[in-house]
Structure formats: structure tokens, C-alpha cells
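Engineer: Here it is, the structure in full.
The values are calculated or read from the model by the stated rules, or taken from the named source; none is laboratory data. The shown structure was predicted, so the numbers you read here are calculated from the model rather than taken from an experiment. Backbone-built Cβ (ideal geometry, glycine too); neighbour counts: all protein chains shown. Remember, those area values only see protein heavy atoms, side chains included, never the ligands or the DNA or RNA. Shrake-Rupley method; radii C 1.70, N 1.55, O 1.52, S 1.80 Å.
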Amino acid sequence: MTTAHDVVVLAGGAARRLGGSDKPGVRIGGRTLLDRVLAACPDAGRTVVVGDPRPTLRPVRWTREEPPGCGPTAALGAGVRETRAEVLLVFSADLPFLDDTTVRDLLAALDEAPGADAALLTDAGGRDQPLVAAYRSGPLRRALDALARDHGTLAQLPLRRLTALLRAVRVPAGPLASFDCDTWEDIATARARIREHGTVLDEWITAVKDELGIDLAVDTGVLLDLARDAAHGVARPAAPLTTFLVGYAAARADGGPEAVAEAARKAAALAQRWAAEQDEAG
């Protein structure tokens with residue numbers, strides 16, 4: 001069972017190394033960086049984005065630090081004020097490869113360390129990533145209040161001042177979990193990586209589901225096998241047409257993964273019968 005939590009996403013930076021471009025709106029694989037981060041944490045009770053409002057694929061609560069652009073610590077403080085849960089996930093909006101595995105790892109690490117105030121992801125060099133982290137809201141709020149009291153403001157304070165006041169456990173990052181897009185070179189690297197052979201289909205299917213507003217587990221193996229059987233046993237154009245009809249049939253049923261699997265099974269059996277008849281004729 002996933003620990004109840006809210007999410008704060010910081011999306012209001014100046015993106016100076018991108019020439020001031022709208023970094024959260026940059027698209028990787030057809031999805032904005034912000035939407036990719038939001039997709040990794042669908043189970044949040046409340047999702048707060050600190051930045052200027054923009055269209056997103058899921059509903060969020062918007063807020064802004066004052067004055068705008070005065071640094072991540074102030075932005076985090078503004079976001080935390082809009083949350084209610086006892087556990088908070090905190091992410092920057094420039095993490096193209098953030099996924100639910102990393103989210104679960106952070107929540108689990110915090111849950112398994114009752115004496116800890118935070119679970120921080122660490123990158124390959126062992127550096128803390130305070131914007132890829134899970135926090136207990138009580139200690140985090142107290143640390144933010146202490147900083148504001150001592151310095152008169154949270155503006156322009158580095159995040160390390162905040163994490164120094166918290167007891168943290170560390171969670172080693174996977175190979176891509178902490179990869180962030182600070183430069184156009186980083187963005188080009190991310191765009192190239194999602195098109196690699198081992199990931200391109202999953203990336204494409206996720207992008208299509210987001211675009212169409214579909215929340216459905218897709219067994220790509222079943223559908224690819226069906227497309228192969230239709231192409232080889234009937235004709236190549238039959239592959240896309242058959243998968244479309246399977247989707248339509250599943251939607252007319254209950255629309256769940258089982259309906260897709262059943263429709264695909266029937267269509268695959270039909271394609272195999274067609275192929276068998278051709279073999280007999282030969």
C-alpha cells in the first residue's frame with residue numbers, strides 16, 4: 001500500500017542556461033517535462049505546482065513564491081503551504097526520466113526510517129538531490145520556518161541550508177532517475193535516449209495514452225503478436241486495422257485490460273486460422 005502523500009513540483013526557475021526558455025514546457029517524446037514529472041506520481045492526494053499556470057494533462061493546484069524567481073527554497077516554502085499530507089514528495093520539473101519506481105523507492109525509504117525527516121535521492125556521484133526527495137511535512141515546515149526566522153526571508157537561500165536542518169536517509173538513484181535538463185544538450189540527450197530500441201515503444205504508448213486521456217495497462221507483447229499474425233497470415237495492412245478493431249471491441253466491452261486481452265486472443269486465433277487455410281491451399 002502506498003503511503004498517503006502530496007506532491008510539490010517546482011516549475012518556476014529562470015532557465016538561464018536555456019536562454020530563458022520555458023523549461024517546464026519543453027517537450028521530450030511529445031510530452032512536456034512538467035507532464036512527464038506529473039505522470040510519475042498519479043497517487044498523490046494533492047499535487048501542487050509552483051510556477052506560472054499552464055495547461056497540464058492532469059489537474060494541479062498552482063501557487064507562486066514571492067517575489068517570483070527568488071530561488072528554490074522560497075518556491076518550496078510556497079508549495080508546502082498548499083499541502084495537507086504528512087508526507088510530501090518534492091520534485092523539480094525538469095526530470096524527464098522520473099518514474100513510479102523512483103517514487104515508490106523514496107516513499108519506502110522514508111517509511112522504513114521512522115527517525116528520518118527526509119529521504120533524498122543521491123546521484124551517481126553521491127550528491128544529494130533535495131528536489132528528488134520525500135519529506136515528512138512537520139519537520140520540513142519547522143525547518144523552513146527556522147530559516148525564515150533566522151534570515152528574515154527564504155529568498156535566495158540555497159537548499160543545502162534547509163537539508164542541513166533535517167535528518168535524512170539516502171536513496172541511490174537508478175541510471176536515469178536524477179538526470180535533469182539544464183541545457184539544450186541535456187534535452188537533446190533525453191530526446192535521443194527515449195528513441196532507443198529498448199524504450200521507444202513504451203515511451204510512445206505512454207505518450208499516446210496521455211494524449212488521448214487513457215489510463216489503461218497495455219500488454220504490448222499481446223498486441224504486437226496480434227499485429228504480426230495479422231500481417232503474416234492475412235496481409236500487411238491488416239495489422240494496424242486489426243489492432244484498431246481490437247481496441248474498439250474492448251471499448252464496447254468493459255474497456256479494461258481483460259477486455260483488450262480477450263479481443264486480441266479472438267483476433268489472433270482468427271488470423272492463425274486464415275494462415276492455416278493458406279498453408280493448406282499451398
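Engineer: Before we move on, is Ala39 in contact (Cβ under 8 Å) with a residue 12 or more places away in the chain, out of contact with any strand residue (DSSP E or B) (no Cβ under 7 Å at 6 or more places or on another chain) and surrounded by 17 or more Cβ atoms within 10 Å (Cβ to Cβ)?
Structural biologist: Yes: the conditions hold for Ala39.
Engineer: Then there's this: Looking only at segment 47-56, decide whether some residue is under 21 Å from Asp180 (Cβ atoms), buried (at least 16 other Cβ atoms within 10 Å of the Cβ) and in contact (Cβ under 8 Å) with a residue 60 or more places away in the chain.
Structural biologist: no
Engineer: Moving on to the next point. Which residue is most open to solvent (accessible area, probe 1.4 Å), if the candidates are limited to segment 23-36 and must be under 16 Å from Leu131 (Cβ atoms) and in contact with an Asp or Glu (Cβ under 8 Å, 6 or more places away or on another chain)?
Structural biologist: Per the criteria, the residue is Lys23.
Engineer: Between residues in segment 223-240 that are without any contact (Cβ under 8 Å) to a residue 12 or more places away in the chain and residues that are in a helix (DSSP H, G or I) and aliphatic (A, V, I, L, M), which pairs lie under 6 Å by C-beta distance while being six or more apart or on different chains?
Structural biologist: Between residues of segment 223-240 that are without any contact (Cβ under 8 Å) to a residue 12 or more places away in the chain and residues that are in a helix (DSSP H, G or I) and aliphatic (A, V, I, L, M), the close pairs are Ala231/Ala239.
Engineer: Answer yes or no: is there a residue in segment 259-281 that is within 30 Å of the chain's Cα centre (by Cα) and either open to solvent by 100 Å² or more (accessible area, probe 1.4 Å) or over 21 Å from Leu216 (Cα atoms) (or both).
Structural biologist: no
Engineer: Ok, one more. Kindly indicate which of Arg58, Arg16 is of a type outside the set (Asp, Glu) and farther than 26 Å from Thr2 by Cα.
Structural biologist: Arg16
Engineer: Follow-up question, since we're still on this one. Quick check on Ala124: is it among the aliphatic types (A, V, I, L, M) and closer than 24 Å to Ala173 by Cα?
Structural biologist: Yes.
Engineer: Looking at Thr243, is it among the β-branched types (Val, Ile, Thr) and over 30 Å from Asp22 (Cα atoms)?
Structural biologist: So Thr243 passes the test.
Engineer: Can you find, within segment 19-72, the residue that is modelled with the lowest pLDDT among those that are of a type in the set (D, E, K, R) and under 14 Å from the mean Cα position of the chain (by Cα)?
Structural biologist: Within segment 19-72, the match that is modelled with the lowest pLDDT is Arg58.
Engineer: Within segment 208-238, count every residue that is over 25 Å from Asp254 (Cβ atoms), part of a helix (DSSP H, G or I) and open to solvent by less than 50 Å² (accessible area, probe 1.4 Å).
Structural biologist: Going through segment 208-238 one residue at a time, the tally reaches 3.
Engineer: Does segment 67-84 contain at least one residue that is polar (S, T, N, Q), closer than 22 Å to Arg36 by Cα, out of contact with any Gly (no Cβ under 7 Å at 6 or more places or on another chain) and open to solvent by 20 Å² or more (accessible area, probe 1.4 Å)?
Structural biologist: No; the residues of segment 67-84 include none that is polar (S, T, N, Q), closer than 22 Å to Arg36 by Cα, out of contact with any Gly (no Cβ under 7 Å at 6 or more places or on another chain) and open to solvent by 20 Å² or more (accessible area, probe 1.4 Å).
Engineer: On to the next question. Please state which of the following conditions Val7 fails to meet, knowing it meets all the rest: (1) touching a strand residue (DSSP E or B) at 6+ places or on another chain (Cβ under 6 Å); (2) at pLDDT below 95.
Structural biologist: (2)
Engineer: Additional query: So in segment 148-188, with the set limited to residues that are hydroxyl-bearing (Ser, Thr, Tyr) and either free of Cβ contacts under 8 Å to residues at least 40 places away in the same chain or more than 16 Å from Leu131 (Cβ to Cβ) (or both), which one is most open to solvent (accessible area, probe 1.4 Å)?
Structural biologist: Top of the filtered list is Thr153.
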